[in-house]
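Peer 1: Shown below is the structure under consideration.
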Amino acid sequence: MDPPKKSRKGYRQLKAVINENNPTADLLLAIGGATFSAENFSNMTKSSQLRYTFAKNLVAYARKYYFDGIDIDWEFPQEGEKDNFTGLLEDLRQEIDKEYGKSFDIVNGNLKKKLILSAAVTPSPYNVKYHKDIFFKYPLDSYDISALFRLLDQIHLMTYDLNHHEFISHHSRINTTEKDSSVTRQFAIELLLNEWLKYGNASKIFLGLPYYARTYTVKIPSIKSLDDPNLNVKIADIFGKNMSSGRGNPGLITKEQGILAYYEICELLKTKSDSQQKISEPYLYENLNVPFFTISRIKKNEGLNLQWIGYDDPESLAFKVNFAKSKGLGGVMIWAIDMDDFNGKSCGKLYPLSRSVYDAATGKNASEFLPNFHPAANSMIDQANKVLISFIFGIWFLTS
């Protein structure tokens, strides 16, 4: 936790940039993440003394460096670690409550508001014990959901990456479809969210919105040509089926199998089909309200090699924001804004996803203050980024 030189000034400047355009925006210090070893959390939370020391130091650090709160992103507590995770949140809650009333703004002398405590958690049936026959019988049981509602100010529900690695399905869809199998239907957001809402106030939940696709590779040896009349039939028939041969091909920029940033998706959709590959138009399955498309190639001696790409676009994200409102949720959270089109070159507009989220969440028009073009000068790009960060740094419905 030792900060680099001048980081205190850097954090303060970041906070100033955010509040310049949005005075009520909060800056939270996030600990953890998908690439942060879960073993670090596991080892630390085994000891009540280490948990207490960590919580005390983390709260002090957040105050010292101008943060408005703390977000814990442990991906994910394993079997037998549920109580340790709860213990960590209890220690943090105790330290935050104890510290409140002792910190004053050095500029105006006012008492600083209480630090926010949040956590990013998955509703996946792999991780949560839901006590219903339709769900997996032996999940990891990562969370005490009642305790999360009691201890946290905000529950950042990771309503993405909700899919099975073998069954073809969109990783972030609200509803089910007739094509769902008994496995894939368990991952529908509304089904999972309704279970969480049994435990506490909906206003504490923030719905997760993905700015990326999850992709599969599907091999169909019986299809030998892109001109095969059965090609489209096969593509339409694989949703919900156990047909995945593995993760999809990596993107040119993100370079990770099974994932594509939205700007990479825009580039692919601009690519024209030819004799070597066939790129479909985006599909919308029945009432799912989330798109997918496919890239078909024929490999010698292997037959059809299909890339199945399920993603979100401006329309599907607006639909999800309105869904969150209809459920009385506190707001939405995004992973991650750098996967939007941040220069306007790929999708034809600067930040198309964030614009849509903002417009749907607030009823306002982001185009009134965000350039609708690719700025020619770096200074203009920087300014657009500042404006974007200011309004997208957590969207609260209750304060919009």
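The values are calculated or read from the model by the stated rules, or taken from the named source; none is laboratory data. These numbers come from a predicted model, not from an experiment. When we count neighbours, we look across all protein chains shown, and the Cβ atoms used for this are built from the backbone with ideal geometry, even at glycine.
Peer 1: Here is a check on your reading of the model: is F149 crowded, with 20+ Cβ neighbours inside 10 Å, in the same structural domain as D68 (by TED's automatic domain parsing) and either in contact with a strand residue (DSSP E or B) (Cβ under 8 Å, 6 or more places away or on another chain) or not polar (S, T, N, Q) (or both)?
Peer 2: no
Peer 1: Might you let me know whether the stretch 62-70 holds any residue that is surrounded by 13 or more Cβ atoms within 10 Å (Cβ to Cβ), touching a Gly at 6+ places or on another chain (Cβ under 9 Å), modelled with pLDDT under 95 and not in a loop (DSSP other than H, G, I, E, B)?
Peer 2: Scanning the stretch 62-70 turns up at least one residue that is surrounded by 13 or more Cβ atoms within 10 Å (Cβ to Cβ), touching a Gly at 6+ places or on another chain (Cβ under 9 Å), modelled with pLDDT under 95 and not in a loop (DSSP other than H, G, I, E, B).
Peer 1: Right, next: Output yes when any residue across the stretch 94-108 is touching a residue at least 60 places away in the same chain (Cβ under 8 Å), buried (at least 16 other Cβ atoms within 10 Å of the Cβ) and not in a loop (DSSP other than H, G, I, E, B), and no when none is.
Peer 2: no
Peer 1: Could you tell me which residue of the stretch 26-53 is surrounded by the fewest Cβ atoms within 10 Å (Cβ to Cβ), considering only residues that are polar (S, T, N, Q) and not in a loop (DSSP other than H, G, I, E, B)?
Peer 2: Taking the stretch 26-53 as the starting set, the residues that turn out to be polar (S, T, N, Q) are 35, 37, 40, 42-43, 45, 47-49, 53.
If we keep only those that are not in a loop (DSSP other than H, G, I, E, B) as well, we get 40, 42-43, 45, 48-49, 53.
Values: N40: 12, S42: 16, N43: 11, T45: 22, S48: 12, Q49: 7, T53: 13.
Across the stretch 26-53, the extreme among qualifying residues is Q49.
Peer 1: Looking only at the stretch 125-143, decide whether some residue is without any contact (Cβ under 8 Å) to a residue 40 or more places away in the chain, touching a Phe, Trp or Tyr at 6+ places or on another chain (Cβ under 7 Å) and within 30 Å of G240 (Cα to Cα). Walk me through how you get there before you give the answer.
Peer 2: To start, the set of residues in the stretch 125-143 that are without any contact (Cβ under 8 Å) to a residue 40 or more places away in the chain comprises 126, 129, 131, 133, 137-139.
With the extra rule that they be touching a Phe, Trp or Tyr at 6+ places or on another chain (Cβ under 7 Å), the set shrinks to 126, 139.
Narrowing further to those that are within 30 Å of G240 (Cα to Cα): 126, 139.
Yes, there is a match, as at least one residue in the stretch 125-143 is without any contact (Cβ under 8 Å) to a residue 40 or more places away in the chain, touching a Phe, Trp or Tyr at 6+ places or on another chain (Cβ under 7 Å) and within 30 Å of G240 (Cα to Cα).
Peer 1: Working carefully through the options I106, I96, I116, find the one that is touching a helix residue (DSSP H, G or I) at 6+ places or on another chain (Cβ under 8 Å) and either of a type in the set (V, I, T) or at pLDDT 95 or above (or both).
Peer 2: Going through I106, I96, I116 in turn, just one is touching a helix residue (DSSP H, G or I) at 6+ places or on another chain (Cβ under 8 Å) and either of a type in the set (V, I, T) or at pLDDT 95 or above (or both): I96.
Peer 1: Right, something else. Out of the residues in the stretch 317-345 that are among the aromatic types (F, W, Y) and not in a helix (DSSP H, G or I), which is modelled with the lowest pLDDT?
Peer 2: Out of the qualifying residues, it is F342.
Peer 1: Answer yes or no as to whether I145 is of a type in the set (V, I, T) and closer than 20 Å to I334 by Cα.
Peer 2: For I145, the condition - of a type in the set (V, I, T) and closer than 20 Å to I334 by Cα - is not met.
So that you can scan it fast, the table gives a plain yes or no per residue for (1) closer than 17 Å to N163 by Cα; (2) touching a Ser or Thr at 6+ places or on another chain (Cβ under 6 Å):
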| residue | (1), (2) |
| --- | --- |
| L197 | no, no |
| S222 | no, no |
| G246 | yes, yes |
| G251 | no, no |
| T271 | no, no |
| I279 | no, yes |
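Peer 1: Considering each of L148, L140, L117 in turn, give the residue that is in a strand (DSSP E or B) and in contact with a Lys or Arg (Cβ under 9 Å, 6 or more places away or on another chain).
Peer 2: L117
Peer 1: Could you tell me whether T271 is of a type in the set (S, T, Y) and either out of contact with any Phe, Trp or Tyr (no Cβ under 7 Å at 6 or more places or on another chain) or without any contact (Cβ under 8 Å) to a residue 40 or more places away in the chain (or both)?
Peer 2: Taking the combined requirement at face value, the residue satisfies it.
Peer 1: Give the residues of the stretch 224-242 that are touching a residue at least 12 places away in the same chain (Cβ under 8 Å) and of a type in the set (V, I, T), sorted by residue number.
Peer 2: Answer for the stretch 224-242, where residues must be touching a residue at least 12 places away in the same chain (Cβ under 8 Å) and of a type in the set (V, I, T): I235, I238.
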